[in-house]
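Some notes on the structure that comes next.
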Amino acid sequence: MTLSLPAFAFGESAGYTTNRFDVNVDVTDSHVCKVEETIKVNFKEAKHGIFRYIPYEPGIYTVKKIDVDGDPYEVSSEYDNSWNQIIKIGDADRVLKGKHTYNIRYNIVGYEDKDSEKDYLSLDLLPTGWDTSIQASTIKVKLPKAIDADTIQLYGGRYGSTGKAEVEYNYDEKKNVITINAKKLPKGYGITLSVELPEGYWENP
């Protein structure tokens, strides 16, 4: 399905601020990442809604089971010659002004890799393509089994950046949960998690 994505109608030209962008990820042992995003924005100008671009890479991972609570939405893909699942959230007959919360859910499904010596997890937690700065973010990633905390790497910056993310994080070894806290992230600043895992960590991906 192809969508018409008019910049004047939805939040492409900002017109809003992002107070929080919180993420919870529940990772299964079959390499499915169940993502829940809670995004709190404040519309300074009247807007119909926002876009959420979720990248995917054919043969490596894909995006499934997209759902948005409380707001109408449409989903498209491969827009503007890039591999993205694009969610247009909002109602053309309704204008928003002031504070609004978006609750977005989707699954990132990883395919079996060709490396016979190790497994890995690579996950974009905050998007580089977000329209505004983000005042605060709490991210929790629940893993199915224990990991070596020394292999946790967090990268941050604009698209293509390989620099380490300047954020606070900790790993709860009893609960297998990585928690990340970030504040005052500039527009375009994404965060990616990378973890090296022992071979066989994923079961039937």
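The values are calculated or read from the model by the stated rules, or taken from the named source; none is laboratory data. Being a predicted model, the structure only gives us computed values, none of them experimental. Here the Cβ positions follow ideal geometry from the backbone for every residue, glycine too, while neighbour counts run over all protein chains shown. Accessible surface areas use protein heavy atoms only, side chains included; no ligands, DNA or RNA. Shrake-Rupley method; radii C 1.70, N 1.55, O 1.52, S 1.80 Å.
Using only the C-alpha atoms of the stretch 118-201, find the volume of their convex hull and express it per residue in Å³. Numbers along the way, then the final one.
Details: hull volume 7.4 nm³, N = 84.
Per-residue hull volume (Cα only) is 88 Å³.
Compute the length gained on full extension between ASP113 and SER194: take 0.36 nm times their separation in residues and subtract their Cα-Cα distance, giving the result in nm to one decimal. All intermediate terms of the calculation are to be shown ahead of the outcome.
Numbers: separation 81, 0.36 × 81 = 29.16 nm, distance 1.49 nm.
Length gained between ASP113 and SER194: 27.7 nm.
Calculate, for the stretch 148-190, the solvent-accessible area per residue in square angstrom, rolling a 1.4 angstrom probe over the heavy atoms of the protein chains. Walk me through the numbers before you get to the answer.
Details: 3000 Å² over 43 residues.
On a per-residue basis, the stretch 148-190 sits at 70 Å².
Can you give me the orientation-averaged projected area of the convex hull built on the Cα atoms of the stretch 121-167, in nm²? It would help to have the intermediate numbers written out before the result.
On the way: hull surface 16.5 nm².
Spelled out: convex hull of the Cα atoms, projected over all directions, averaged, 4.1 nm².
Can you pull the percent of the chain's accessible area that's carbon plus sulfur, 1.4 Å probe, other chains left in place? Don't skip to the end; give the middle numbers.
Working: 4950 of 11080 Å².
Roughly 45 percent, rounded to a whole number.
Counting just the Cα atoms, what span does the stretch 25-108 cover along each of its three principal axes? Round to the nearest Å and put the largest first.
For the stretch 25-108, the Cα spread along each principal axis is 41, 30, 18 Å.
To the nearest 20 Debye, how big is the dipole of the stretch 12-170 about its Cα centre, given +1 on the beta carbon of each Lys and Arg and -1 on that of each Asp and Glu? Intermediate values should be presented prior to the final figure.
Values: 20 positive and 27 negative charges, 125 e Å.
The calculated dipole for the stretch 12-170 is roughly 600 debye.
For the cross-link pairs LYS40/LYS114; LYS40/LYS164; LYS97/LYS175; LYS142/LYS184, which exceed 31 Å when the distance is taken from alpha carbon to alpha carbon? Could the numbers behind the result be given before it?
Values: LYS40/LYS114 39 Å; LYS40/LYS164 26 Å; LYS97/LYS175 40 Å; LYS142/LYS184 24 Å.
Over 31 Å Cα-Cα: LYS40/LYS114; LYS97/LYS175.
Apply the Karplus parameterisation 6.51 cos²θ - 1.76 cosθ + 1.60, with θ equal to phi minus 60°, to every residue of the stretch 16-25 and state each ³J(HN,Hα) to the nearest whole Hz, in sequence, with x for glycine and proline.
My calculation for the stretch 16-25 gives 8, 10, 10, 6, 9, 9, 9, 9, 10, 10 Hz in order.
Can you figure out the FRET efficiency of ASN103 with ASP148, using R₀ = 25 Å and their beta-carbon distance, to the nearest 0.05?
On the way: r = 33 Å, r/R0 = 1.33.
About 0.15, to the nearest 0.05.
So for the chain, what are the equivalent ellipsoid semi-axes in whole Å, largest first, each being the square root of 5 times an eigenvalue of the Cα gyration tensor? Please report the intermediate quantities before stating the final value.
Working: eigenvalues 182, 74, 43 Å².
Here the semi-axes work out to 30, 19, 15 Å.
Distance from a point 7 Å along Cα→Cβ of SER133 to each backbone N in the stretch 15-30: keep the residues under 11 Å and list them by number.
Correct set: 18.
Where does the stretch 71-160 land on Rg(C-alpha)/(2.2 N^0.38 Å)?
Details: Rg = 17.3 Å, N = 90, 2.2 N^0.38 = 12.2 Å.
Output field value: 1.42.
Roughly how many whole Å is it from the C-alpha centroid of the stretch 20-72 to that of the stretch 88-113?
Value for the Cα centre distance between the two parts: 6 Å.
Need one number: nm distance between label points at GLU173 and ASP67, each 7 Å from Cα along Cα→Cβ, rounded to one decimal.
The two pseudo-label positions are separated by 3.6 nm.
Between ASN19 and LYS183, what length in nm is gained on full extension when 0.36 nm per residue of separation is reduced by their alpha carbon distance? Spell out each step's value before the answer.
Values: separation 164, 0.36 × 164 = 59.04 nm, distance 0.99 nm.
Once the chain is fully extended between ASN19 and LYS183, it gains 58.1 nm.
Between LEU126, LEU154, LEU96, find the one with the highest GNM mean-square fluctuation for the chain; connect C-alpha pairs within less than 10 Å.
LEU96
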